[in-house]
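Working notes for the structure below.
The values are calculated or read from the model by the stated rules, or taken from the named source; none is laboratory data. Only a predicted model underlies this, so the values are computations on that prediction, with no experimental measurement involved. FYI the Cβ positions are ideal-geometry reconstructions off the backbone, even for glycines, and counts take in every protein chain you see. Surface accessibility is based on the protein's heavy atoms, side chains included, excluding ligands, DNA and RNA. Shrake-Rupley method; radii C 1.70, N 1.55, O 1.52, S 1.80 Å.
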Amino acid sequence: MRGFRVWAILIGVLVVVFGALYLWWDLDVRWRPHVIKAHQADIAKLLDGAGWVSPKLNGPKLYVIATRDCAPCDAFEQSQFPLLQKAGVDTRVIMIAPPDVNGAAKSTPAERSTVAELWVNRSWGLFQTWTSVAPAAWTAPHIPPADGDVGRTAVIAAGRDLVDQLRPLLNANGVKSGYPTLIWWAKDGSLNGCVCQVSQTYKYVRKDLGAD
């Protein structure tokens with residue numbers, strides 16, 4: 001009988017411990033960004049050479065790789081950009097026009113034209129105007145079409161190639177594919193990244209960039 005009670009107590013303690021560990025993982029660990037230790041120089045070079053647009057602030061750099069018809073991208077931009085920019089974070093957005101899948105276009109002509117324009121002329125104002133309009137309603141007014149223009153079509157291809165080149169480098173650091181992909185240098189000098197599609201991840205980005 002005594003042995004049974006000892007085992008019951010031990011099992012109870014283990015249940016509590018494992019329950020606490022699971023709760024810690026569920027509420028905290030699972031949402032933390034990944035520290036990028038492999039291929040840092042290659043990743044940094046690809047990001048810096050991309051056609052990013054930003055408000056040109058002087059604080060830490062946050063690269064945000066996004067597509068237009070992307071609810072998680074909109075959610076992060078609308079809720080976090082004001083907080084980050086208030087803290088001086090330079091939010092460098094790299095817009096991508098998704099490639100065709102099985103012959104079906106995953107982007108619209110207006111989207112491709114706007115992405116090409118952003119990469120070529122780096123207008124933060126255009127990015128803000130574009131993202132203030134519903135994706136289906138955007139007609140890319142006064143923007144040269146990318147389709148049929150060899151140079152601008154090549155710019156669209158460069159954006160897609162950027163994603164293809166980054167994918168294995170980020171995967172090697174535990175950062176999976178998806179949008180928005182965020183990459184930043186934290187206050188301690190480490191390079192971090194995440195596919196921040198849920199609000200539970202936001203606080204870690206703000207903390208690392210001094211926006212909390």
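Give the accessible area for residue 68 in Å² (nearest 10); use a 1.4 Å probe, count only protein heavy atoms, and leave out ligands, DNA and RNA.
Approximately 10 Å² for this residue.
On average, how much accessible surface per residue is there in region 86-212, in Å², for a 1.4 Å probe, leaving out ligands, DNA and RNA?
47
Report the calculated FRET efficiency for residue 206 and residue 134 (r = Cβ-Cβ distance, R0 = 35 Å), to the nearest 0.05.
Once rounded, the FRET efficiency stands at 0.80.
Once the cut-off is 18 Å, how many percent of the Cα-Cα pairs in region 82-136 end up in the long-distance tail?
Working: 628 of 1485 pairs.
Percent of Cα pairs beyond 18 Å in region 82-136: 42.
Anything over 24 Å Cα to Cα? Flag those among 37/86; 37/207; 45/86, in the order listed.
Beyond 24 Å between Cα atoms: 37/86; 45/86.
With every protein chain left in place and a probe of 1.4 Å, what is the accessible surface of residue 52, to the nearest 10 Å²?
40
Identify the residues of region 93-110 with backbone N under 20 Å of a label point that sits 7 angstrom from the Cα of residue 142 along the Cα-to-Cβ direction, or state none.
Label zone hits: 110.
Give me the aspartates and glutamates in straight-line cross-link reach of residue 56: C-alpha distance below 12 Å, same-chain residues under 8 apart excluded.
Reachable aspartates and glutamates: 90.
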